[in-house]
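Asker: Once you've had a glance at the structure underneath, I'll fire off some questions.
Since every read-out is calculated from the coordinates, none of them should be taken as a lab result. What you are looking at is a predicted structure, and each value in this text was computed from that prediction instead of being measured. Glycine gets a Cβ as well: all are built from the backbone with ideal geometry, and neighbour counts include every protein chain shown.
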Amino acid sequence: MPDFGYKIAKDRQIDYDENKRLIFSEVAAWEPSIYRCISCGTCAATCSAGQYTDYSLRKLILLVKRGEEQEVITNVSKCLLCGKCQLACPMGVNTRNLILGIQNAVKKTTYAV
Amino acid sequence: MLQEGKQALWKEYQKEIADNRYFYVRSCVRQNFFPASEATFLKIITEELGKDIYEHPSHTSCSGIGYHTDVIPFETTMTMVARQFALMTEAGYPNLVPSCITSFGLYTEVLDTWHHFPEVEARVREHLRKATGREFEKPANIAHASDIIFKLRNEIAAKAKHKLVNHITGKTLRGVEHIGCHYSKMFPQKGIGGAEYPYVLIGMIEAWGGEVVDYPERRHCCGFGFRQYLVKANRGYSVASSKKKFESMEPYKPDFILTNCPGCPYFLDRWQYAIAEMEGTTYGENGMGIPVLTYEELAGLVLGYDPWDLGLQVHQVSVEPLLDKMGISYNPSSKYVGKNGKFLGVPFKPNTLKVC
Amino acid sequence: MSKTVLIIGGGVAGLEASGVLSKLGYTITIVEASDRIGGKLNRWANLFPTQRPAEEVLNYLKFQLDPNTSIITNTKIDDISLGKTQVSATLSNGNCIQADAVLVSTGFEFFDARKKEEYGYKIYENVITSVDLEQIFKDGKELKTSQGKTPKRIGIIHCVGSRDEKVGNTYCSKVCCVTGVKQAIEIKERIPSCEVFNFYMDLRMFDRHFEDIYKKAQVEHHVQFIRGRLSEAFENPDGSVMIKVEDTLLGKPMKMNLDLVVLMVGFVPSSSSVFLKKGLQLETGNDGFFTPADEHYKTVCSNQKGVFFAGACTGPKTIENTITEARAAALEIATYLNQN
């Protein structure tokens, strides 16, 4: 193969049809309060981890819902499990159990792969 | 797809296209990419259809590429455009016909700017006068060269030697079209059929016996996009854009891609080679590519011109499968013989992309 | 002889005002352009936020009408002018009407979704509007794609023709957000396995119970809400529609194939507004809706004596607000007629 000096850029568009959403099906059954999330960002604003990394529970939930699983895997371990987000959430999402569920689903699905 | 819905929309986007006395301005890059397209346009307009078209030897670039890459300020661009208008005025031709889509968009944009800001026009007139001593009248009509071919598509069809039909099976050939961004995205009213469902190339394909398929990524950029190509580090975006289009059109098994812009056929043609080399993927039949044509090349084929006179041998994707379907006879041994009779040499064969 | 009121438009506002004015002893003539009274309610199956049948409200409006009300359907007003104390109208059936007051209750029209060319309404087979969907519900038909299949994934597109300078409508149509939520739930009730997505810019759940059904849609029906406006749509070879939006809360472009796309069309002023504005010398805003004498405390009065407004002719409105306004207008008209 000739060296062109550049590679075909990776598409950053979310392809909803290609994405599998395996983590989501696990998590939604484990912690149905994920459906209550309205993406308000209260959780992310108060999050200790989010002050120093690009971690945001609001985004993590959306990544799970859209099936952007690689990004879920790189992000979910940043949570410190302090529980402040659960205190802050106005919709009563059980965030602590949700994050544990995502972590478990990640393990399950990565093992499955 | 509900055709009547499209047709209703197309009716709303008609435009005035001059009938004769054209002042032709060439594209900077087409003469290199697709060398015979402009010559073919002139031949069709004059020899086939008997129109009066004139090219001024002193015309220059419209400076559109420089303008769109922030190299040339708009003030300078407007003055260069004013100079083209001055040449037109001096030659006594009222109707401007740019070969390039970006030029077409730029001329339209400059005139629109002057319409809204007459003081800018006055300033540009002053610049031109100081720099060259020239004066100008604004064109009575601006139409892109593809608009002219669109207008004359039925006359061309009447003289057709070949139809866009498989001459063995009788099956209508399927084309996909790609319109240059600056044709109607900036000024939808200036494009035949508007910006969302442009009709200019569809009209040609239908008039010449073919069928057009509307593929999902039709509106996506061809991959030229000035900024995404001119800097080498960005070319990955350019090739990715073309790839998105190929993947979208492939399920429809198009016999050809038709374009009306200088950059689009170049990138849609050459990137099929690059993608094949980088990823091993090809999009046409039997490991070949999907032939990419300019509208002049397609008109030339329909009119029975020799494919090698149309410059089809400089395409990266072989056009022979399309020629075979249309029943066009060609001499493979003269493919690489130049206009002066000298042998041009045979290009290297790609590793993956199959070529004739 | 009792004083007379001409009501232009026999929809929700016109019917409610007519009933109240009859009870107050006035003689009413309703002129309705279409073939029947009831306005847009005739085309609607169920109403937000409670999903009660639209027919219940329609029946109430018809029931409370005085039997002596003169109702002229299939008739337009050809000419209208204001005298010193009376208004005169020439009807398309040739008759002339004199009245002591006139109520403009011309309502609204649905935005013509074909104007959003890139959405492909009337071009792509599986792109319909909220009005089309409601008609399917009303007719009791099964929800199918144009290929006759049960849709597996449906997208509801908010703000079609609203908050959109390109089509000339800068305003919010107010009721489409909650209609989108209501219709999402109704789709899920009919086809529980169907994935339903609402694509929105903002969700304006401003009224009582609205937030409740928004939550119900998510928690009970798993309807997904994606913040991003549809930029363009394409038809796939199988007739499904590929859409492009940005998932703005993730900051990423997204594409998705949908079996059916439902466009939540907004309100535009009734086409009669231009004519009535001229004939009665009324004022309209930049949006084309009539401007009342005061936008806070004289919302049912116009800039002309003896001319009153009720309902969506002064801007997008819910049915309950329209009915409240119609009663206020009736009272305002009665007060005006008593003083003269």
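Asker: Could you work out, for region A:1-99, what percent of all Cα-Cα pairs fall into each 10 Å distance bin, beginning at 0 Å and stopping at the bin that holds the largest distance?
Answerer: Pairs per bin, as whole percents: 15, 43, 26, 10, 5, 1.
Asker: Using a 4.7 Å Cβ cut-off, which Cys residues in chain B lack a partner cysteine?
Answerer: Isolated Cys, chain B: B:28, B:62, B:100, B:181, B:221, B:356.
Asker: So how compact is the protein assembly as shown: Cα radius of gyration and Dmax in angstrom?
Answerer: Using the Cα atoms of the protein assembly as shown, the pair Rg, Dmax is 32.0, 105 Å.
Asker: Ranked highest first by the average count of other Cβ atoms within 10 Å around their residues, in what order do A:87-94, B:139-146 fall?
Answerer: B:139-146, A:87-94
Asker: Hey, could you pull the Cα Rg and Dmax for region C:160-281, both in Å?
Answerer: Cα radius of gyration and Dmax of region C:160-281 are 16.9, 54 Å respectively.
Asker: Kirkwood hydrodynamic radius (Cα pairs, Å) of region C:15-87?
Answerer: Here the Kirkwood hydrodynamic radius works out to 14.0 Å.
Asker: Among A:62, A:51, A:25, whose Cα projects farthest towards the positive end of the dipole of region A:22-112, with charges put on the beta-carbon of Lys, Arg (+1) and Asp, Glu (-1)?
Answerer: Result: A:51, furthest along the dipole toward the positive end.
Asker: Could you tell me which residue out of B:289, C:38, B:238 lies farthest along the dipole of the protein assembly as shown toward its positive end? Charges go on the beta carbon: Lys and Arg +1, Asp and Glu -1, centred on the Cα centre.
Answerer: In the protein assembly as shown, that residue is B:238.
Asker: Treating only the Cβ atoms of Lys and Arg (+1) and Asp and Glu (-1) as charged, compute the dipole magnitude of chain B about its Cα centre; round to the nearest 20 debye.
Answerer: Taking the Cα centre of chain B as origin, the dipole is about 560 debye.
Asker: From zero up to wherever the largest Cα-Cα distance of region A:66-113 sits, split into 5 Å bins and tell me the percent of pairs in each.
Answerer: The distribution over region A:66-113 is 5, 20, 26, 24, 16, 7, 3, 0, given as percents.
Asker: How big is the dipole moment of region B:30-81 about its Cα centre under a simple scheme where the beta carbon of each Lys and Arg is +1, that of each Asp and Glu is -1, and everything else is neutral? Debye, nearest 20, please.
Answerer: Magnitude of the dipole: close to 80 debye.
Asker: Loop-only GluC sites (Glu not before Pro) in region A:11-113, please: DSSP not H, G, I, E or B, and at most 13 other Cβ atoms within 10 Å.
Answerer: Taking region A:11-113 and a limit of 13 other Cβ atoms within 10 Å, the loop GluC sites (Glu not before Pro) found are A:18.
Asker: Of the peptides C:7-14, A:1-8, how do they stack up when ordered by the mean number of other Cβ atoms within 10 Å, highest first?
Answerer: C:7-14, A:1-8
Asker: Using θ = phi - 60° and the Karplus curve 6.51 cos²θ - 1.76 cosθ + 1.60, what whole-Hz ³J(HN,Hα) does each residue of region C:207-220 get, with Gly and Pro shown as x?
Answerer: Computed from phi, the couplings for region C:207-220 are 10, 4, 6, 5, 4, 4, 6, 4, 5, 4, 4, 7, 6, 8 Hz.
Asker: Any idea what % of Cα-Cα pairs in chain B are farther than 34 Å?
Answerer: Beyond 34 Å sits 25 percent of the P(r) for chain B.
Asker: Considering every residue in C:310-318, what mean count of other chain Cβ atoms within 10 Å of its Cβ is obtained?
Answerer: On the way: counts 0, 0, 0, 0, 0, 0, 0, 0, 0.
Mean shielding by partner chains, rounded to a whole number: 0.
Asker: Can you tell me the mean projection area, over all orientations, of the convex hull of region B:15-145's alpha carbons? Units nm², please. Mind showing how you got there, number by number?
Answerer: On the way: hull surface 32.5 nm².
Computed as one quarter of the Cα hull surface, the answer is 8.1 nm².
Asker: Using a 10 Å cut-off around each Cβ, can you sort C:255, A:107 from fewest to most neighbouring Cβ atoms?
Answerer: The fewest-first ordering by Cβ neighbours comes to A:107, C:255.
Asker: Please report B:123, A:66 as a ranked list, fewest other C-beta atoms within 10 angstrom at the top and most at the bottom. Provide the component values of the computation, followed by the final result.
Answerer: Numbers: B:123 15, A:66 23.
Ranking B:123, A:66 by Cβ neighbours within 10 Å, fewest first, gives B:123, A:66.
Asker: Can you give the Rg/Rh ratio of region C:216-333, where Rg is from the C-alpha atoms and Rh is the Kirkwood radius?
Answerer: Using only Cα positions, Rg/Rh for region C:216-333 is 1.18.
Asker: Which one, B:132, B:28, B:80, projects farthest toward the positive side of the charge dipole computed for region B:15-145 from Cβ point charges (K/R +1, D/E -1)?
Answerer: B:132
Asker: Could you check the simple spin-label distance between residue B:285 and residue A:84, using points 7 Å along Cα→Cβ, in nm with one decimal?
Answerer: 6.5
Asker: For the protein assembly as shown, what is the charge dipole size about the Cα centre, in debye to the nearest 20, if Lys and Arg each add +1 at the Cβ and Asp and Glu each add -1 at the Cβ?
Answerer: It works out to roughly 1320 debye.
Asker: If you find the alpha carbon centre of region A:71-102 and of region C:130-199, how far apart are they in angstrom?
Answerer: The two parts, judged by their Cα centres, are 33 Å apart.
Asker: Return the equivalent ellipsoid semi-axes of chain C as a descending list in whole Å, where each equals the square root of 5 times an eigenvalue of the C-alpha gyration tensor.
Answerer: Details: eigenvalues 319, 77, 65 Å².
After scaling each eigenvalue by five and taking roots: 40, 20, 18 Å.
Asker: Continuing with this model, one more query. Can you check how the C-alpha radius of gyration of region B:110-260 compares to 2.2 N^0.38 Å, as a plain ratio?
Answerer: 1.35
Asker: Considering only region C:113-266, what is the antiparallel percent among its DSSP beta bridges, to the nearest 5? Mind dumping the intermediate values first?
Answerer: Details: 12 of 30 bridges.
So the antiparallel bridges in region C:113-266 amount to around 40 percent.
Asker: Here is a further query. Would you mind putting C:311-322, B:155-166, C:83-94 in packing order, based on average other-beta-carbon counts within 10 Å, highest first?
Answerer: Sorting C:311-322, B:155-166, C:83-94 by mean packing, highest first, produces C:311-322, B:155-166, C:83-94.
Asker: Through the Karplus equation 6.51 cos²θ - 1.76 cosθ + 1.60, θ set to phi - 60°, convert the phi angles of region B:139-156 into ³J(HN,Hα) values in whole Hz; use x for Gly and Pro.
Answerer: With coefficients 6.51, -1.76 and 1.60, one gets x, 6, 8, 10, 9, 5, 4, 5, 5, 5, 5, 4, 4, 9, 4, 6, 4, 5 Hz.
Asker: Which Cys residues of chain A have no other Cys Cβ less than 4.7 Å away and so no disulfide-compatible partner by this rule?
Answerer: Unpaired cysteines in chain A: A:37, A:40, A:47, A:79, A:82, A:89.
Asker: Give the average, rounded to an integer, of partner chain Cβ atoms located within 10 angstrom of each Cβ in C:240-251.
Answerer: What the average comes to for C:240-251 is 4.
Asker: Among C:96, A:47, what is the fewest-to-most ranking by other Cβ atoms within 10 Å? Don't skip to the end; give the middle numbers.
Answerer: Values: C:96 10, A:47 24.
By the 10 Å Cβ count, ascending: C:96, A:47.
Asker: Still on this model: Using 7 Å Cα-to-Cβ label points, what is the residue B:72/residue B:154 separation (nm, one decimal)?
Answerer: Placing both labels 7 Å beyond Cα along the Cβ direction yields 3.9 nm.
Asker: Moving to a separate point now. Quick one: what Rg and Dmax do you get for region C:54-132 from the alpha carbons, in Å?
Answerer: Here Rg and the maximum Cα pair distance are 19.1, 54 Å.
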